[in-house]
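Shown next, in structure tokens, is the structure this report addresses.
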Amino acid sequence: MSLLPLRRPVVSRTTYLILFACYIGIFLNLAFYRQVFPLLPVNSLHNWLVFLSMPIVAISVMNILTTLASFLKLDRLVISLFILLSASAQYFIWNFGVVIDRSMITNILDTTPAESFALLSGEMIAVLGLSGVLAVFVAWWVKIRKPATRWRGAAMRLLNIAVSALLIILVAALFYKDYASVFRNNKELVKSLSPSNSIVAVNSWYAHHRMDNLPLVKIGEDATQKAVMHNAPRKNLTIVVLGETSRADNFSLGRLFARHQPADAAGRRDLFSAYHFLRHGNRSFRAVHVLQYAARAL
């Protein structure tokens, strides 16, 4: 006879998905709600309703994602991943005030083992153990009751998705302007919302570094020079400008400090000047006059 006769709880799949969506959407986003509370600010009934609607949106989004994963029998795996990402992100946001973005992912990957061990503490182990590891254990320990028929189970999950989508639409219809104002004026706030912050940060890091180790590709090897350029009576001068030049206001070209201006072999410092460059909106500088001046000088 077992000393601990604990029976595994049995719940329906819909109940299972909703429970863990609530856990992730509410308890693993407390750091996000703590930041939102003074930013609204919550000082009126309307703002209270806006604030209370945020967990509803978070739960609905989590519920839709995990329910979609359940059709592929990946709901336990996705829930476990979301819990670990959210628990870790919330701990570091709450205790260190960091934001989870591409730079943070780079810092994590650059962290040495010695730095990682120095970061460990009893509080960190306890918090991540309870909110992350223990929750994942429960997610795999709970048994899911099989539906009476496969079609009934699929219909319940589709209904679950539809109700969650309707809740999101309802909140958007009532409080869209409030949400837009909060997130527009506090752009870093979205980086505290878990687990989307970690997922977006990892994807951004991958997109930024996926071509780092690719071999260099030679381009322009099929370019040929026109025959008329070989037989022309006058020689052709080609000047290639890479990037943008700088205005005189920034680097003193043509301004007060002549010693900072570029000089040619003869020591002339008036060959190139920002006065000859024309600003054209947000495009590169058009160096028409300076190229003509350079051609005459050469």
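The values are calculated or read from the model by the stated rules, or taken from the named source; none is laboratory data. All values reported here derive from a predicted model rather than from experimental measurement. Cβ coordinates were reconstructed from backbone atoms using ideal geometry, including for glycine residues, and neighbour counts include every protein chain displayed.
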**OP:** Kindly indicate which of L167, L158 is surrounded by 16 or more Cβ atoms within 10 Å (Cβ to Cβ) and either in contact with a Gly (Cβ under 9 Å, 6 or more places away or on another chain) or modelled with pLDDT of 95 or more (or both).
**Re:** L167
**OP:** Would you mind finding the one in S204, S198 that is in a helix (DSSP H, G or I) and in contact with a Leu (Cβ under 6 Å, 6 or more places away or on another chain)?
**Re:** S198
Subject >> Enumeration of residues in the stretch 71-91 that are farther than 14 Å from N29 by Cβ and surrounded by fewer than 23 Cβ atoms within 10 Å (Cβ to Cβ) >> reply: F71, L72, K73, L74, D75, R76, L77, V78, S80, L81, L84
Original post:
Restricted to the stretch 7-27, and to residues that are part of a helix (DSSP H, G or I) and touching a Leu at 6+ places or on another chain (Cβ under 9 Å), which residue is nearest to K143 (Cα to Cα)?
Top reply: T14
Original post:
L85: closer than 14 Å to A135 by Cβ, in the same structural domain as I161 (by TED's automatic domain parsing) and not hydroxyl-bearing (S, T, Y), yes or no?
Top reply: yes
Original post:
Name the residues in the stretch 58-71 that are in contact (Cβ under 8 Å) with a residue 12 or more places away in the chain and more than 13 Å from Y23 (Cα to Cα), would you?
Top reply: I64, L65, T67, L68, S70, F71
**OP:** Out of L271, L256, report the one residue that is in a loop (DSSP other than H, G, I, E, B), surrounded by 10 or more Cβ atoms within 10 Å (Cβ to Cβ), of a type in the set (A, V, I, L, M) and modelled with pLDDT under 55.
**Re:** L271
Subject >> Inter-residue pairs, beta-carbon under 7 Å, first at pLDDT 85 or above and in the stretch 109-126, second in a helix (DSSP H, G or I), 6+ apart >> reply: M124/Y91
**OP:** Hey, can you tell me all the residues within the stretch 35-57 that are under 21 Å from the mean Cα position of the chain (by Cα) and touching a residue at least 60 places away in the same chain (Cβ under 8 Å)?
**Re:** Q35, V36, V57
